[in-house]
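Worksheet: the structure to be examined is printed underneath.
Readers should treat all values here as calculations from the given coordinates under stated rules, not as data from a laboratory. Because the structure is a prediction, the values reported are computed rather than measured. Here Cβ is always computed from backbone atoms with ideal geometry, including for glycine, and neighbour counts include all displayed protein chains.
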Amino acid sequence: MTTRTTPFPEGFLWGASTAAHQIEGNNVNSDWWRKEHDPAAGIQEPSLDACDSYHRWEQDMDLLADLGFTDYRFSVEWARIEPARGHFSQAEIAHYRRMVDGALARGLRPMVTLHHFTVPRWFEDFGGWTADGAVELFARYVEECAPIIAEGVRHVCTINEPNMIAVMAGLAKSGDQGFPPAGLPTPDEETTHAIIAAHHAAVKAVKGINPDIQVGWTIANQVYQALPGAKDITAAYRHPREDVFIEAARGDDWLGVQSYTRTKIGSEGPVTAPAEAERTLTQWEYYPTAVGHALRHTADFAGPGMPLIVTENGIATADDTRRVAYYTGALAAVAACIEDGLNVQGYLAWSALDNYEWGSFAPTFGLIAVNPVTFERTAKPSAVWLGAMGNTRALPHA
Ligand code: BGC
């Protein structure tokens with residue numbers, strides 16, 4: 001494979017992302033754990049031990065650092081830190097602080113997500129995001145995370161994919177407990193407002209902890225593409241599902257872009273990809289350049305100069321050569337954005353590990369395979385290939 005000079009600027013983040021519930025295991029105080037064990041919710045399989053990363057995070061970080069990555073995005077779990085309302089576990093706070101220190105000791109810059117989909121059971125019982133006082137409860141939790149993030153953490157993400165949270169809230173109202181299908185049903189408006197308020201309160205709380213921390217949030221981008229006859233897709237799709245959350249980030253230090261595939265919209269709404277289209281294990285269309293479209297759309301709405309970080313991008317596949325091909329196409333698209341003047345400051349692949357994909361372990365997004373019984377980790381060729389670019393920052397040719 002030939003290489004050319006790097007398009008990635010000095011200090012560019014090069015890493016992989018994970019989320020606590022998807023890798024830690026036994027997140028028993030969370031709403032998702034409860035849902036996974038409720039037959040009425042119809043979840044395919046429960047997370048149980050997941051990747052046992054709660055105990056094996058050092059192995060995960062050793063591997064990522066040895067592979068050549070310089071950045072690791074992981075989340076801290078509200079349900080562990082505040083297992084009962086108003087009771088904060090100093091042991092869990094110390095656990096996550098050890099993770100931050102462990103990352104720094106290995107030369108990995110930690111990006112800490114404060115909320116990645118799961119909430120404590122008590123918060124769900126209290127009424128969730130739209131209940132009176134929810135925003136204040138979230139802000140108090142963020143303040144209690146001070147010992148974790150006050151020193152040595154440059155990037156903090158308040159809330160992962162607020163747009164997916166609003167969509168899931170909409171689904172739940174219609175009796176569906178699952179993870180949203182591609183195309184995304186309509187987000188719940190009340191949740192949208194509440195989650196934006198929670199973000200703004202969290203940004204303030206993080207700045208109060210240390211004003212130098214770079215705070216942002218990460219938005220799922222569906223790359224809506226209009227087919228002939230489609231109605232105004234900005235009003236119907238982009239605005240409620242993406243733009244409203246991008247606009248809410250104006251004034252933040254950075255904005256996370258998360259992208260996997262595209263969604264074509266015809267006159268009757270989302271159109272599934274043709275039968276001959278290549279699909280991934282999530283049944284999404286294989287479309288590596290999605291991330292370029294997502295970055296450009298986000299840059300347009302966030303306003304000039306907003307630093308963008310690709311905080312998730314990847315493919316669920318059992319064929320690791322397709323993962324390398326996907327990342328090759330995706331990185332070329334990211335590089336083209338940078339060449340066109342977009343302020344892209346990092347690229348974090350989803351995901352470091354094969355993990356619990358919100359209902360099932362079957363869609364394997366990982367750069368690193370995990371044995372479900374022994375939890376032994378094995379870096380896939382794609383991990384070796386992508387990690388090595390952490391040193392060279394040279395772009396592979398497609
Ligand atoms: C989420 C991850 C998820 C991934 C693939 C994003 O929606 O942040 O938690 O595993 O996409 O579905």
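So here's what we get for this one:
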{"quantity": "Cβ-placed point charges (K, R +1; D, E -1), dipole of the chain about Cα centre in debye, nearest 20", "calculated": "640"}
{"quantity": "Distance from segment 348-367 to segment 92-144 (C-alpha centre basis), Å", "calculated": "21"}
{"quantity": "Ascending count of other beta-carbon atoms within 10 Å, so fewest first, for Glu190, Glu285, Glu10", "calculated": "Glu10, Glu190, Glu285"}
{"quantity": "Per residue Cα convex hull volume in Å³ - calculated over segment 1-129", "calculated": "152"}
{"quantity": "All Cα pairs of segment 190-278, percent lying beyond 19 Å", "calculated": "52"}
{"quantity": "Cut-off 10 Å between beta-carbons: net charge of the residues surrounding Glu124, Lys and Arg +1, Asp and Glu -1", "calculated": "+1"}
{"quantity": "Gyration tensor (Cα) of segment 278-387, equivalent ellipsoid semi-axes in angstrom", "calculated": "28, 14, 13"}
{"quantity": "Length-normalised contact order of the chain in % [C-alpha pairs under 8 Å, at least 6 apart]", "calculated": "21"}
{"quantity": "Within-13-Å neighbourhood charge of Ile246 [Cβ basis; K, R +1; D, E -1]", "calculated": "-2"}
{"quantity": "Largest-first principal axis extents, alpha carbons of the chain, Å", "calculated": "54, 50, 43"}
{"quantity": "Mean-position separation - Cα centroids, segment 262-296 and segment 3-23, in angstrom", "calculated": "24"}
{"quantity": "Ellipsoid equivalent to segment 286-327 - semi-axes via the Cα gyration tensor, in Å", "calculated": "26, 9, 7"}
{"quantity": "Largest to smallest principal axis extent of the C-alpha atoms in segment 75-232, angstrom", "calculated": "54, 35, 25"}
{"quantity": "Projected-area average for segment 234-331 over all orientations - Cα convex hull basis, square nanometres", "calculated": "7.1"}
{"quantity": "Summed side-chain charge close to Tyr141 - residues other than Tyr141 whose Cβ falls under 15 Å, Lys, Arg +1, Asp, Glu -1", "calculated": "-3"}
